[in-house]
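Okay, structure first, notes after.
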Amino acid sequence: MHRCKFIKNGLITYITMICPAVSLAVTPIQIHPSIESQAVGSQTNVILYPQGQQLYDQYPWAVLYYYGITGSDALGQMFQGEFHRWPEHIQSLELTHTLSQENFLRQLVNPLVGVVQVSANITLRHGSNEHRIYEFDPYVEGRWANFPWNAYINTSFAIGEGISYTSSIPSLERKSSENTKRLLNYLLLEATFAPPNYPRLQLVARIHHRSGAYGLYHAGNTGSNVIGLGIRYLFD
């Protein structure tokens, strides 16, 4: 007389036979769902980021923190390698938006300029010869981002043009003239660098320039130039 006992527990099913002859003929069946889940869990999710100007179209928003030191030299002299520090530094926070490809301004300058952006910059100036000064710089910038070496280091160059308003006149700007104005021209020159596997986080090298634009603003300010570094993060 043979007695058979069947045990079922979830997905694991086995048969225990008291009779040895029957037990040799029957092979227990076991199913391990954890093996499949481990296989799925072990898969590496690889995010492929676009390069060049497509990066800014996919992530059209950006925030920036910037720290710079002021130089007393004119902008042209700085391009020649001269830099004498003025006792002042600045810190900036900035929000940037990339205009869509359907935007009129972007279509107007295409293909000369690949990316067009608008930015709002808030800057705090602090120097040994002045009180704390707040500066506001809204501007438009053109950016070039399609470079053959982006697979090695993601790079872009930008030029920005706008207006700059300060809560008071910086000490450097009033040193050679009494005909000073708070509202001046704003110019930005910038280069960015980022690893290709995460180009959304960028190192920013920038020249931050205020001036009367050769008399356009009817101001006697000598202007000011700041060089520094920042960190920018792109998001959608």
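No lab work stands behind these numbers, since they all come straight from the coordinates. Predicted model only: the values in this text are computed from it and were never measured. For neighbour counting, all protein chains shown are included, and Cβ atoms are generated from backbone atoms with ideal geometry for every residue, glycine included.
Restricting the GluC sites (Glu not before Pro) of the stretch 172-214 to loop positions (DSSP other than H, G, I, E, B) with no more than 11 neighbouring Cβ atoms within 10 Å leaves 178.
Computed from backbone phi with θ = phi - 60° and the Karplus coefficients 6.51, -1.76 and 1.60, the 3J(HN,Hα) list for the stretch 123-129 is 10, 10, 9, 9, x, 6, 10 Hz; x is used for glycine and proline. Annotation for the stretch 84-142 versus the stretch 169-222: alpha-carbon center distance of 8 Å.
Classified by the C-alpha gyration tensor, the stretch 53-235 has a prolate form. Its axis ratio a/c, with a ≥ b ≥ c, is 1.5 or above, and a/b is larger than b/c. Tell me whether the stretch 78-134 comes out rounded, prolate or oblate; compute the Cα gyration tensor, take square roots of the eigenvalues as a ≥ b ≥ c, and use a/c under 1.5 as the rounded threshold. In terms of gyration-tensor shape, oblate.
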